[in-house]
1. Within segment B:484-507, can you find the residues that are touching a residue at least 12 places away in the same chain (Cβ under 8 Å), farther than 15 Å from B:GLY649 by Cα and more than 14 Å from chain A (Cβ to nearest Cβ)?
2. For segment A:38-66, how many residues are over 18 Å from B:GLN99 (Cβ atoms) and either in a loop (DSSP other than H, G, I, E, B) or facing another protein chain (nearest Cβ under 7 Å) (or both)?
3. For segment B:259-291, how many residues are hydrophobic (A, V, I, L, M, F, W, C) and within 11 Å of chain A (Cβ to nearest Cβ)?
4. May I ask you to verify whether B:ASP161 is more than 16 Å from ligand 1 (Cβ to nearest atom) and either touching a Leu at 6+ places or on another chain (Cβ under 7 Å) or among the acidic types (Asp, Glu) (or both)?
5. Any residue in segment B:302-312 that is more than 10 Å from chain A (Cβ to nearest Cβ) and either under 25 Å from B:THR173 (Cα atoms) or assigned to a loop (DSSP other than H, G, I, E, B) (or both)?
6. For segment B:63-93, which positions are within 16 Å of ligand 2 (Cβ to nearest atom), within 14 Å of chain A (Cβ to nearest Cβ) and in contact with a helix residue (DSSP H, G or I) (Cβ under 6 Å, 6 or more places away or on another chain)?
7. Among all residue pairs at least 6 apart or on different chains, which show Cβ distances below 9 Å where the first residue, located in segment B:127-152, is without any contact (Cβ under 8 Å) to a residue 24 or more places away in the chain and more than 14 Å from chain A (Cβ to nearest Cβ) and the second is assigned to a loop (DSSP other than H, G, I, E, B) and within 15 Å of ligand 1 (Cβ to nearest atom)?
8. Going by the structure shown, is B:PHE618 aromatic (Phe, Trp, Tyr), under 24 Å from B:ALA552 (Cβ atoms) and surrounded by fewer than 19 Cβ atoms within 10 Å (Cβ to Cβ)?
Amino acid sequence: MTRTQHIPVSALLAHSECIIHSLGSDDKTVQRLAQMGILPGTHLQIIRVAPLGGTIEVNDGQGQNFALRQQEVAAMSCEPVAMPLISELVAEGQTYMIRDIRGGKTFQLRMAAAGLQEGSLIQIRKAGVKPMQAHFVDTNKQISLGEGEAKKIIVEVINHESNS
Amino acid sequence: MNPTVEPITIALASIPNSGKTTLFNRLTGSSQSTGNWPGVSVEQKSGLFPLGEYSVTLIDLPGAYALSPVTEEEQVVRDYFLNSPPDIILNVLDAGNLQRGLGLTLQMAASALPMVVAVNMMDETRRRGITLDLRAMALHLGVPVIELSAKTGEGLPDLKDALYEVIKHPEKTRAPHISCPPLLEKAFFQITEAIGKSTIDTRLDHTFLAMRMLEAESQSQWTSNEKVAALTRKWQRRLKQSLHTSFPVVCAGCRFNAARGLAMEVLGGQPVIEDKLSRRLDHIFLHRFFGLPIFIMLMFLLFQGVYGLGAPLQEVLSVAFDRAGSWLSSQTMVLSLPAWLQSFLFDGIWQGVAVVTSFLPIIALFFFFMSVIEDSGYMARVAFLMDRLMHRLGLDGKAFISILLGYGCNVPAVMGTRILTSNYSRILTMLLIPFTLCTARLQIFVFLTAIFFTSTIAPWIILALYSCSFVAVILTGFMLKLFRIGGAPEPFIMEIPPYRFPTPRSVGLRSWYEMKDFLSRAAPLIIAGVLLVWLLSHMPTNVPPASAATWAGQLGQILAPVFQPLGIGWQETVALIFGFIAKEIVVGSLAVIYGGTDLVGLMSNHITPMQSLSFMIFCLLYTPCVATIAAIWTESRSLRITLISLVSGLAIAWLTSFIFYQSGLLFGFH
Ligand SMILES: Nc1nc2c(ncn2[C@@H]2O[C@H](COP(=O)(O)OP(=O)(O)OP(=O)(O)O)[C@@H](O)[C@H]2O)c(=O)[nH]1
Ligand SMILES: [Mg+2]
């Protein structure tokens with residue numbers, strides 16, 4: 001299932017990734033992006049959000065990172081491909097693969113002990129519950145994650161259409 | 001090409017931050033001059049260097065991502081290429097940022113001008129363990145490709161050889177064809193054909209010219225040929241209807257498809273790895289919690305570095321000037337001159353030279369630290385950290401530093417606006433800086449608050465004046481944004497370069513050139529301003545200087561009705577006129593104007609605390625000094641902007657003092 005959408009500013013968190021489908025509507029911005037080689041098809045990875053918010057640092061895998069404003073990215077239509085588990089883009093019932101578990105060694109070990117590691121497939125069956133309940137697709141067990149924990153878990157969207 | 005004719009023109013062109021200026025400094029050494037591009041406050045640098053039997057003029061163009069302009073810098077670059085094509089293009093590529101750079105390379109290759117590509121920063125690439133297949137690049141682009149490290153000078157002889165060869169045997173660049181959608185190809189073809197049949201005489205490739213015309217809003221700049229222009233307009237309309245994105249964006253898409261392929265071939269499948277050191281440093285400097293405190297600390301150090309080191313040096317210079325002045329004026333030869341001439345020489349010219357010199361230490365230090373911050377890559381981080389705050393004023397984050405440094409001295413701060421990336425930010429920032437409370441104004445405030453207020457209240461008054469200055473900067477910022485004084489803001493999309501070690505050479509050169517530049521451009525204006533005020537306060541010659549009978553005194557009395565509602569008497573008005581030279585001399589001039597020995601006593605009898613506050617507010621907000629005006633003029637190259645700065649300063653100062661004093665009266669203070 002691929003979804004192209006405008007990603008809201010609040011979901012532009014560090015470690016989110018998306019593929020650009022269209023560059024937005026402000027002519028000057030669009031032209032500037034295009035001239036820097038940031039075009040439809042470009043894979044963007046958000047490195048960090050500025051301490052005061054509003055501005056983000058992005059990597060496009062083609063050279064130097066660059067900074068731009070969140071509105072600029074929000075105006076694009078993008079296909080999210082990865083995000084921290086805490087992101088509002090994580091959809092109910094959708095299967096995600098764990099791409100990365102950030103944070104310290106102890107946290108990683110604790111997650112591993114609970115069965116959560118890189119490559120695990122999980123689903124959020126019910127959105128909005130706290131603490132968050134993540135179901136393992138393979139074993140059907142579940143694990144509950146606090147907000148701080150979910151922030152450190154980066155998941156990747158699995159494209160069902162291309163699998164089947 | 002024939003060496004006896006004119007010098008060969010080589011233009012340095014690349015995307016921002018790829019090392020053009022570093023290479024420029026390497027090649028030209030000391031023989032360079034700076035100026036502004038006509039009409040815009042974009043720095044123009046050119047320099048001479050010999051190459052075999054030829055003499056070469058090297059032009060350092062501003063960084064541009066493409067010849068289809070978005071920013072004013074890019075417009076400057078585009079106009080330069082179309083109006084006065086250089087003999088050779090020297091394109092610089094950052095080896096660590098190949099794909100973005102190649103976008104421009106491919107576009108310029110299409111111009112058919114002879115070109116040499118220098119792949120710069122090879123030292124960094126080597127450190128990261130990347131090898132590049134530059135043979136493949138040369139083969140593909142059809143131009144010489146030289147590997148280079150402008151910072152260390154490695155590869156420079158090869159580059160010179162390559163340039164020499166190209167001068168000797170100039171060859172049209174045969175650009176690789178970039179395929180575009182059929183409709184565009186058709187448009188290019190037809191316009192190219194029309195250009196070919198017309199009388200347009202150009203060394204540029206006709207298809208290249210056709211593309212530039214299609215992008216431009218008006219063609220009249222490059223052709224008076226109505227047929228070509230009409231055909232171009234026809235195609236512009238047609239393309240607008242059939243393409244769903246704008247034409248330059250479609251072209252960028254095609255170009256970067258080719259650039260990506262080429263970059264991949266040159267890199268041989270190696271991934272683009274980011275600099276590990278930079279990643280680690282950014283973890284600290286851009287940290288969510290520590291980033292801002294570290295920034296504030298660094299700004300404090302910067303401020304101390306410029307002014308803490310600069311002030312004693314200024315002091316030394318000023319003492320030296322005073323001593324030398326009094327020694328000179330006591331020479332018998334001088335004493336035999338008429339009194340007015342003595343005064344003209346010492347209170348006029350000598351004083352003017354002293355004012356100019358007093359700025360040199362802080363300008364040198366200012367640009368020394370600024371280059372360190374800029375070259376190290378931290379400036380881009382500052383822009384990132386401060387963008388949120390400054391964005392509201394329509395400025396980018398870098399403007400923060402310029403405005404902050406205005407709190408030391410407005411002059412270097414205004415000169416420093418040239419590091420800002422857009423003309424819009426430059427204009428806005430240089431209009432805001434005069435509202436910052438510089439140390440010279442602080443001297444007046446410290447002096448006056450000590451006279452009129454107790455030592456417990458005085459610091460609070462000073463603090464209030466600082467707040468007033470902040471508010472003035474912010475409100476004026478909003479106003480300027482509203483009235484679009486600086487044109488339209490440009491999109492903020494900024495590359496963040498890796499951290500680099502600034503070289504003493506480039507930092508030193510920078511400070512040296514800025515001082516030279518200040519001396520040659522702003523200094524004459526400053527001296528003229530000082531002389532003007534000297535004239536006002538010393539004419540006619542038969543009355544005591546600065547007294548009521550001088551032109552300045554008369555002007556003060558003529559202006560009295562204007563200043564009376566502010567509670568400012570004619571004596572203080574004359575002091576304000578002196579304040580145009582420099583705020584440092586306001587207090588001294590009050591002493592001369594009041595003419596007595598007990599200035600403190602005289603003033604406290606003459607002026608109420610309310611009136612002194614009104615005077616201080618006026619001092620805070622009106623024109624800082626003739627040197628700042630001179631700096632604004634030389635930086636903006638615009639009479640309009642200089643006048644706006646003068647008038648807005650005076651108007652805002654008058655209004656604020658008026659509102660303050662009158663509401664004070666209303667509340668029963670006097
Ligand atoms: N490591 C390394 N750094 C370099 C080299 N050449 C330039 N630099 C650094 O790259 C940065 C940018 O160099 P500039 O010469 O200012 O680049 P520019 O192309 O003039 O930049 P704009 O004027 O903004 O377009 C500076 O910090 C230089 O010190 C090089 O060969 N190796
Ligand atoms: Mg430069």
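The values are calculated or read from the model by the stated rules, or taken from the named source; none is laboratory data. Since we're looking at a predicted model, the values are computed, not measured. No Cβ is skipped: glycine too gets one built from the backbone with ideal geometry, and neighbour counts run over all protein chains shown.
1. B:GLY486, B:PHE501, B:PRO502, B:THR503, B:ARG505, B:SER506, B:VAL507
2. 8
3. Within segment B:259-291, the first condition is being hydrophobic (A, V, I, L, M, F, W, C), and the residues that meet it are B:259, B:262-264, B:266-267, B:272-273, B:277, B:281, B:284-286, B:289-290.
Retained after the next criterion (residues that are within 11 Å of chain A (Cβ to nearest Cβ)): B:259, B:263-264, B:267, B:272-273, B:285-286, B:289-290.
Of the residues in that region, 10 qualify.
4. Numbers: more than 16 Å from ligand 1 (Cβ to nearest atom): yes; either touching a Leu at 6+ places or on another chain (Cβ under 7 Å) or among the acidic types (Asp, Glu) (or both): yes.
Yes: the conditions hold for B:ASP161.
5. We begin by selecting, within segment B:302-312, every residue more than 10 Å from chain A (Cβ to nearest Cβ); these are B:302-312.
If we keep only those that are either under 25 Å from B:THR173 (Cα atoms) or assigned to a loop (DSSP other than H, G, I, E, B) (or both) too, we end up with none.
No, segment B:302-312 has no match at all.
6. B:ALA64, B:TYR65, B:GLU72, B:LEU93
7. B:ARG127/B:ASP275
8. Details: aromatic (Phe, Trp, Tyr): yes; under 24 Å from B:ALA552 (Cβ atoms): yes; surrounded by fewer than 19 Cβ atoms within 10 Å (Cβ to Cβ): no.
No, not satisfied.
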